[in-house]
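Chemist: A single structure is presented below for examination.
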Amino acid sequence: MANVREKEQFLRFLRGRGQRVTGERLALFDEIFSQHGHIDAEELLRAMKARGLKISRATVYRNLDLLVESGLARKQRLGSRGFLYEHMHSGQQHDHLVCTGCGRVVEFVSPGIAALQAEICRAHGFLPARHTLQIAGLCNRCAEGAVSDGLGVAPATGRLVHV
């Protein structure tokens, strides 16, 4: 269940833009905040319909865009799957490792990376609003499979090479 603070933030955002607070918008908000990972718009639509909610594809896409604009959801390409969405909690930031073999996505938090970003922004007189970091490569399982198939990973590029 979504944090009350996030729902209030979304309601303020909608009202501030002169948008109506509809049942479909609130249902989509609840659905994306009930997910614990990255989900595409079609998966959200299927999940909502499976719960017996009547909502159109256009409504899902339009309102996902509103959630992104409000800062409560993030839309990004993770690997080759197209755009995925995830809910955001205020003050939380994480980055992603994406396996180019199986598509697995791992979220991670690094205080070191956060400190380095803050240092870089200070050095350039830049006030950051948000960032994305995505590291593409192979998870252990896919890397082991590549080695057993006679392939190796070139350290400089992370690309598969014949060995």
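Chemist: Once Rh for the stretch 21-89 is found with the Kirkwood sum over Cα pairs, what is the Stokes-Einstein diffusion coefficient at 20 °C and 1.002 mPa s, in µm²/s?
Modeler: Values: Rh = 11.9 Å.
Approximately 179 µm²/s, per Stokes-Einstein.
Chemist: Mean separation of Cα pairs under 8 Å and 6+ residues apart, divided by the residue count of the chain: what relative contact order is that in percent?
Modeler: Relative contact order for the chain comes out at 15 percent.
Chemist: Counting only trypsin sites (Lys or Arg not before Pro) that are in a DSSP loop and have at most 16 other C-beta atoms within 10 Å, tell me the longest site-free stretch of the chain. Let's see the in-between values first.
Modeler: Working: sites that count: Arg17, Arg20, Arg51, Lys54, Arg81, Arg104, Arg130, Arg159.
By the stated rule (loop sites, at most 16 other Cβ atoms within 10 Å), 21-50.
Chemist: Looking at the chain from every direction and averaging, what is the projected area of its Cα convex hull in nm²?
Modeler: Numbers: hull surface 50.4 nm².
Computing the convex hull of the Cα atoms and averaging its projections yields 12.6 nm².
Chemist: Next question, about the same structure. Mind checking the angle between helix 4-16 and the chain's longest principal axis? C-alpha axes, 0 to 90 degrees, to the nearest 10.
Modeler: 70
Chemist: No other cysteine beta carbon under 4.7 Å away is the test; run it over the chain and list who passes.
Modeler: Cysteines of the chain left without a disulfide-compatible partner: Cys102, Cys121, Cys142.
Chemist: Rounding to the nearest 20 debye, state how big the charge dipole of the chain is about its Cα centre with +1 on each Lys and Arg Cβ and -1 on each Asp and Glu Cβ.
Modeler: Computed about the Cα centre, the dipole is about 640 debye.
Chemist: Compute the signed sum of charges (Lys and Arg +1, Asp and Glu -1) over the other residues within less than 10 Å, Cβ to Cβ, of Arg62.
Modeler: Numbers: positive: Arg25, Arg57; negative: Glu24, Asp65.
With Lys, Arg at +1 and Asp, Glu at -1, the neighbours total 0.
Every number here is computed from the coordinates shown, using simple stated rules; none is lab data. Because the structure is predicted, anything quoted here is derived from the model rather than measured. So basically every Cβ, Gly included, is an ideal-geometry build from the backbone, and we count neighbours across all protein chains shown.
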